């Protein structure tokens, strides 16, 4: 808005310039819209403001205008326009140049403005972004602070719980100890009481025994006093009634109890104990020697396994240890012969167990080394071919899956077809058709046979007819023949007269028929 | 499997002679001796009172019949049926009576355990042993019959006396370190005596033949302790069953525990086989229920049963004992080693229907047999690794490493098997019901009752 300068400012160019510059400075306001507006307004200026500008330069004040413009232009750093023309007319070239330069300035200024605007936009967006992130981080911080406090709270509660449990445990332990002490004190009391009761009991038993013995003695005495033959009920005392004494089970006679007998018993007892110990010791010795043999074998096997003949070891330190092992192994093989001689010696035994332990440790470390080597090699292989093998693997898997799917479908289809076949069809016609097609061949064959059969039947009928006709004919002929025969016999009979010769030639033919008929 | 006829008996008194030739049963007053193979009656003796205890002598020549009420012991001879012997303890009473290993002496324990009287059948000598201890097992003889260990109690202390059975000479007499001795048992090799305390204290002591204390073992304090003890036939192991439902095995070299067998309610061990008895009732049609059928065909009421293998993990039925009563029904009350030393059978009282069989070579559980009723009795075959058990119903069950089978006793009426034992050759089993006996085996003659 400061671009507009009123014509009233015209008479004071110096003031005007300052005001203008200040105004033009204001014109470079940060607001875009204003700028646009102002730009547009500057663009649109020529037309509308021409009327205003015309107020600046008139016919009368050309030189003043020129002087003013020169001033302004000088302040901007451009070359001024000289007024070197007659009759005060301006030459167009310098004016155009000036204009051009002013335009250039204007463009430059615009560009700078544009750049500043973009820069400001950028800064604005950056600022926004930073503000957002700031907000976010603040929220996060708040959130974590809250979590932290929550966890602290939880930890505190757990600590409390631990404390209470520990207290409870302590109290329980104390109670247990108290109970145990109560039990022990009660136990001692009970023991004391039972001992007292036991003593009383034994006293009673003694007394009872005494009484029974006394009764028995009394009865025995009484029995002695009485008659020899009185049979008294000696029921009160114990006695044995035996018809005759039995011999000892081993057939020998009983021996007297003497000191020698006692010594013999002792001897027998110790002999029994000793024999038991000896058998036990023998079995233990055998077990021991067997186990030692097993250990020796194990040791030898381990030494052979760890020997450097095997080419799979590559690493340096392994070689060293192996050489060591071999040298030790050789020593020990030499030792083993010595060991067999000094089996029972403590040192030999320790030596054997120590050497076994050493070999075992070596074997273990060797195995571990092999394991690590194998895993390393496997890792390397895997890394190199990882992508390839995985891809291949996946392709393979895909292929197999497809195949599987196909097979499944195929089987399913087969199943369906089979099912259809077996189950009863819903359509009668199709069923009939299906059944028909199965029996077609048979039907054809049957038809053929029927035809043949019918033909034969016809033939047979024909023949039968012929036969019947022939039979009828034969019947007729027979009848005729019989009639002839009867006639001949009649004539013959009638010819049994002397008038034979006259009738003979008439009978010659029937005679021949008769002779034929008579000769079967 | 053949089953013989059923014979009468009373008081579960039925014993086979040590040489395996004869079978003696007591029916109230009578003593019936049969030949084992033919089951013919060989001898018949009559005692003066109903017999409470009957025992064969070790040489199978004599039989002892004890009548505790009247304090009498009668001895019968097989060789000479008219030989008789009667021991009358009189008013001193009689609590138990047994043979000595040589078969010529009888040891009678008087009432109130006042003394043990040793009567000789060979001589007129009588010996008395004072202060014997009244406990679960106070007397034991070695397997070779040479020595006898007797527990005594004087002045509230336990003592052990070792006698030579030859002439009843007192070999050793030493104090036992127990509080209240409950039992003692010789090892089968006759050199070690195991002595254990009563259930209030867990302590088992091992004494050598000459009275030296070899070792002492105590698993825990204060809780109820040892309930049962068994030696393995080779004397290698000593199995101790206790109230905490565990069996601890001690070895004979160091007398330390080598393992303990637990009896958990859930079996997870995958190598064990759990056999469960399953009963199947026969289906009866209504037209079959005639009187004839009911009387003759007893299979109508008897149920068949077979074993099924249960999948692991398996649950074992547990019966919680009453905590307020004394002698609670909890803990290992019965242990038995097989004759070849390879198996151990145990019974836990709070799992009364189950029997556990352990493999002694691997020291792990081999099989669990779960029955439909509490197991009453189980015995190993004296020759083979075969276990026979009964639960009080009409069946006999056999287990061997190959498997197990349930056999119905095909006797008229119902024969409820209360206990059983093997013949010494391992070829037959003698089954006892409340009032009868029945023999079963591969070679048992099934005779009609004479």
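Summary of computed values
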{"read-out": "Within the stretch A:256-270, considering residues that are at the interface with another protein chain (Cβ under 10 Å from one of its Cβ atoms) and part of a helix (DSSP H, G or I), the one surrounded by the fewest Cβ atoms within 10 Å (Cβ to Cβ)", "value": "A:270"}
{"read-out": "Members of the stretch B:261-272 found to be in a strand (DSSP E or B) and touching a residue at least 40 places away in the same chain (Cβ under 8 Å), listed by number", "value": "B:261, B:266, B:267"}
{"read-out": "Top-ranked residue of the stretch B:86-97 - restricted to ones that are surrounded by fewer than 21 Cβ atoms within 10 Å (Cβ to Cβ) and more than 7 Å from chain A (Cβ to nearest Cβ), ranked as modelled with the lowest pLDDT", "value": "B:93"}
{"read-out": "Criterion (surrounded by 19 or more Cβ atoms within 10 Å (Cβ to Cβ) and away from chain A (no Cβ under 14 Å)) met by exactly one of B:64, B:31", "value": "B:31"}
{"read-out": "Strands (runs of 3 or more DSSP E) contained entirely in the stretch B:129-247, each with at least 1 residues that are within 13 Å of another protein chain (Cβ to nearest Cβ), within 20 Å of the chain's Cα centre (by Cα) and free of Cβ contacts under 8 Å to residues at least 60 places away in the same chain", "value": "B:147-154, B:181-186, B:192-197"}
{"read-out": "Out of A:170, A:218, A:163, sole residue that is surrounded by 10 or more Cβ atoms within 10 Å (Cβ to Cβ) and either touching a helix residue (DSSP H, G or I) at 6+ places or on another chain (Cβ under 9 Å) or within 14 Å of chain B (Cβ to nearest Cβ) (or both)", "value": "A:218"}
{"read-out": "Filter result (in a loop (DSSP other than H, G, I, E, B) and within 21 Å of residue B:433 (Cα to Cα)) within the stretch B:21-37", "value": "B:28, B:29, B:36, B:37"}
{"read-out": "Single residue of the stretch B:341-359 satisfying the filter (outside any strand (DSSP E or B) and within 18 Å of the chain's Cα centre (by Cα)) that is surrounded by the fewest Cβ atoms within 10 Å (Cβ to Cβ)", "value": "B:341"}
{"read-out": "Boolean, residue B:112 is facing chain A (nearest Cβ under 8 Å), surrounded by fewer than 20 Cβ atoms within 10 Å (Cβ to Cβ) and more than 21 Å from the chain's Cα centre (by Cα)", "value": "yes"}
{"read-out": "All positions within the stretch A:271-292 that are under 19 Å from residue B:208 (Cβ atoms) and more than 7 Å from chain B (Cβ to nearest Cβ)", "value": "A:271, A:274, A:275, A:277, A:278, A:279, A:280, A:281, A:282, A:283, A:284"}
{"read-out": "For residue B:122: the one exception among (1) at pLDDT 90 or above; (2) part of a loop (DSSP other than H, G, I, E, B); (3) facing chain A (nearest Cβ under 10 Å)", "value": "(1)"}
{"read-out": "Residues within the stretch B:67-85 that are more than 9 Å from chain A (Cβ to nearest Cβ), more than 26 Å from the chain's Cα centre (by Cα) and crowded, with 19+ Cβ neighbours inside 10 Å, tallied", "value": "0"}
{"read-out": "Boolean, residue A:297 is exposed (fewer than 11 other Cβ atoms within 10 Å of the Cβ) and modelled with pLDDT of 50 or more", "value": "yes"}
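The values are calculated or read from the model by the stated rules, or taken from the named source; none is laboratory data. Every value quoted in this text rests on a predicted model; they were computed, and no experiment measured them. For neighbour counting, all protein chains shown are included, and Cβ atoms are generated from backbone atoms with ideal geometry for every residue, glycine included.
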